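Take a look at the structure set out below.
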Amino acid sequence: MTARGLSSILYVEDDPDIRTVAQMALEVVGGFSVTACASGAEALAAIERNLVPDLFLLDVMMPEMDGPATLSALRRLPPVSHVPAIFMTAKVQENEVALYKWLGAIGVIAKPFDPMQLSQQLRQLWEAGKN
């Protein structure tokens, strides 16, 4: 994690409505700088354009390249291999959450999420992930 703290997020979500609500909540309520992508491929392209966010926020279930595959691909890119990740998903059974953490996520946020609480949830997971 960066010494400067959490300010920029690369958010990957294939559902345009969810993406819009979460991005607005993170920017307006949380004060974050958010780069929103509709797919894993878009996220990889953003990194290739020299984006280095403080955090990845990834949907789990997406067509073509799901969240875990996206995280795996991002981990292979040296400029962002260290960037912490949080998954957002409706699949939050104990064994599923354990798998996401085993894959390298610092936490999981359940869908549906409360837009007014999303930024605080990210900050709490970010702080817990630093320990």
How long is the gain from Glu42 to Leu103 if the chain were fully straight, where each residue apart is worth 0.36 nm and the alpha carbon distance is subtracted?
19.9 nm
The alpha-carbon center of region 64-115 and that of region 5-34 are separated, in whole Å, by 15
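Charges only on Cβ, +1 for Lys and Arg, -1 for Asp and Glu: so what's the dipole of region 3-87 about the Cα centre, in debye to the nearest 20?
Working: 5 positive and 11 negative charges, 93 e Å.
So the magnitude is around 440 debye.
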Among Ile86, Ile47, Ile109: highest mean-square fluctuation, GNM of the chain, C-alpha pairs under 10 Å:
Ile47
Give me the one-decimal nm value for the distance between modelled label points at Ile18 and Arg75, 7 Å along each residue's Cα-to-Cβ direction.
2.2
Give me the net charge of Ala22's neighbourhood, meaning all other residues with Cβ under 10 Å from the Cβ of Ala22; Lys, Arg count +1, Asp, Glu -1.
-3
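Leaving out ligands and nucleic acids, note down the accessible area per residue over region 64-131 with a 1.4 angstrom probe, in whole Å². Write out the running numbers ahead of the final one.
Details: 3830 Å² over 68 residues.
Ligands and nucleic acids excluded, the result is 56 Å² per residue.
Give the dimensionless ratio obtained when the Cα radius of gyration of region 23-125 is divided by 2.2 N^0.38 Å. Present the calculation step by step, with values, prior to reporting the outcome.
Working: Rg = 13.0 Å, N = 103, 2.2 N^0.38 = 12.8 Å.
My calculation over the Cα atoms of region 23-125 gives 1.02.
Using the Cα centre of region 91-131 as the reference point, and only Cβ charges (+1 on K/R, -1 on D/E), how large is the resulting charge dipole? Debye, rounded to the nearest 20. Mind showing how you got there, number by number?
Working: 5 positive and 4 negative charges, 21 e Å.
Dipole magnitude for region 91-131 comes out near 100 debye.
Counting Lys and Arg as +1 and Asp and Glu as -1, what is the net charge of the other residues whose Cβ lies under 14 Å from the Cβ of Ala69?
On the way: positive: Arg75, Arg76; negative: Asp14, Glu42, Asp59, Glu64, Asp66.
Net charge in that neighbourhood comes out at -3.
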Amide H proximity to Met65 below 5 Å, modelled H, separation 5+ or other chain, gives Gly40
Can you list the HN-Hα couplings for region 62-71, worked out from phi with the Karplus curve (6.51, -1.76, 1.60; θ = phi - 60°), rounded to whole Hz and with x for Gly and Pro?
9, x, 6, 10, 6, x, x, 5, 5, 4
Whole-percent carbon and sulfur share, accessible surface of region 53-131, 1.4 Å:
55
Taking 8 Å as the Cα distance limit and 6 or more residues as the minimum spacing, I'd like the relative contact order of the chain as a percentage.
25
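The values are calculated or read from the model by the stated rules, or taken from the named source; none is laboratory data. Just so we're clear, the structure is a prediction, and the values are computed from it rather than from any experiment. Cβ sites come from the backbone with ideal geometry, for glycine too, and all protein chains shown count toward neighbours. When the accessible area is computed, the model is the full protein with side chains, heavy atoms only, and any ligands, DNA or RNA have been set aside. Shrake-Rupley method; radii C 1.70, N 1.55, O 1.52, S 1.80 Å.
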